[in-house]
1. I'd like the full set of residues that are in a helix (DSSP H, G or I) and among the basic types (Lys, Arg), limited to the range 250-293.
2. Do you know which residues across the range 225-238 are surrounded by 19 or more Cβ atoms within 10 Å (Cβ to Cβ) and of a type outside the set (A, V, I, L, M, F, W, C)?
3. Which residues, counting only those in the range 63-77, are touching a strand residue (DSSP E or B) at 6+ places or on another chain (Cβ under 8 Å) and either modelled with pLDDT under 95 or surrounded by fewer than 15 Cβ atoms within 10 Å (Cβ to Cβ) (or both)?
4. How many residues does the range 33-52 contain that are more than 19 Å from SER2 (Cβ to Cβ) and either free of Cβ contacts under 8 Å to residues at least 60 places away in the same chain or among the basic types (Lys, Arg) (or both)?
5. Out of ARG119, ARG93, ARG78, I need the residue that is closer than 19 Å to ALA35 by Cβ and of a type outside the set (Val, Ile, Thr). Which one?
6. Given the conditions (1) assigned to a loop (DSSP other than H, G, I, E, B); (2) more than 19 Å from the chain's Cα centre (by Cα); (3) of a type outside the set (D, E, K, R), report the number of the one that MET200 does not fulfil.
7. Of all residues being over 18 Å from VAL160 (Cα atoms) and touching a strand residue (DSSP E or B) at 6+ places or on another chain (Cβ under 6 Å) in the range 197-224, which is surrounded by the fewest Cβ atoms within 10 Å (Cβ to Cβ)? Just the residue, please.
8. Residues of the range 77-114 being touching a residue at least 12 places away in the same chain (Cβ under 8 Å), among the basic types (Lys, Arg) and part of a strand (DSSP E or B), which ones?
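The values are calculated or read from the model by the stated rules, or taken from the named source; none is laboratory data. In this text the structure is predicted, and so the values were computed from the model without any measurement. All Cβ positions, even for glycine, are placed from backbone atoms using ideal geometry, and neighbour counts span all protein chains on display.
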Amino acid sequence: MSGRFLSIGECMVELSQAGDSLLRKGFAGDTLNTAWYARACLTKDWRVDYFTALGDEAMSDEMAAFFDKNNIGTQFVRRIRGKAPGLYMISLRDGERSFSYWRDSSAARQLADDPDQLRNAIEASDIIYFSGITLAILSADAAAGLLAEVRRAKAAGKLVAFDPNIRPRLWSSYEAMHATITEGARSSVMVMPSFDDEAMHFGDASVEDTIHRYKSLGAKSVIVKNGAAGALVDCDGKSATIPAVPVEKPVDTTSAGDSFNGAFLARYVETKDASEAARFAAGIAARVICEHGALIAWDKLGLPAA
């Protein structure tokens, strides 16, 4: 099977812990992380593209070269004069992370400002992936335009996947956050939330409540990530609880959910078996949290040799 996977969002410069008070520079961001792990897990017949906006300075050039080097397509990357990527730093304590951000003038805030390019990219793709963070960094008009395009893709039978990835600090108000994330889910075929976010910000009392709420909005499939409790999969008319893969001592949980999403989508489009895809994705996520940083080398994922 072959196709085209399009991930839409913001890639940032990442500073992560490297020991002895040193920091390691990398590139990451929730939707780029998912594209990275989808690329690792998909067959070579699949193309993986990243839709974002970069600036016209050296760091943007380096980021675009990083995409190219790792077979993540840059055909739909906009370059904006006078702009630069955002930056964030990870602070770790006992494997749990906190973040400091510098992203207010990030070029990616304008990623959806060219509606023709956005439509062309989505029309050229078979899987379209975006997140609540993608929506949060855009202007209200640009977010509405993106949602209109993914609704068109959903109506055309494409697999539109959405992770609400709720980050209140990025939103102007709770009301705007709730309304826009709800529209993101309504515009998608598959919603891939994390239960702790949904419980905290939407008041869901159980994983089943999260599934019911998103399916009532029109999502055909809901895959709820629930940390050490595993994942609850409601897909293709079937429901199953998939256990997490135990990890004795996590090193860095930065990309646990993003890697799960990328691995799940990669395996699901090949097998059409959501439970098997979730088991596979749980194994990938377990390996990812045993390493520092959001993007770990593909040879550490335990994948069969190509």
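1. ARG267, ARG279, ARG287
2. LYS225, ASN226, GLY230, ASP234
3. Within the range 63-77, ASN71, GLN75 meet the criteria.
4. Of the residues in the range 33-52, 1 are more than 19 Å from SER2 (Cβ to Cβ) and either free of Cβ contacts under 8 Å to residues at least 60 places away in the same chain or among the basic types (Lys, Arg) (or both).
5. Residue meeting the stated conditions: ARG78.
6. (1)
7. If we take residues in the range 197-224 being over 18 Å from VAL160 (Cα atoms) and touching a strand residue (DSSP E or B) at 6+ places or on another chain (Cβ under 6 Å), then VAL207 is surrounded by the fewest Cβ atoms within 10 Å (Cβ to Cβ).
8. ARG78, ARG79, ARG97
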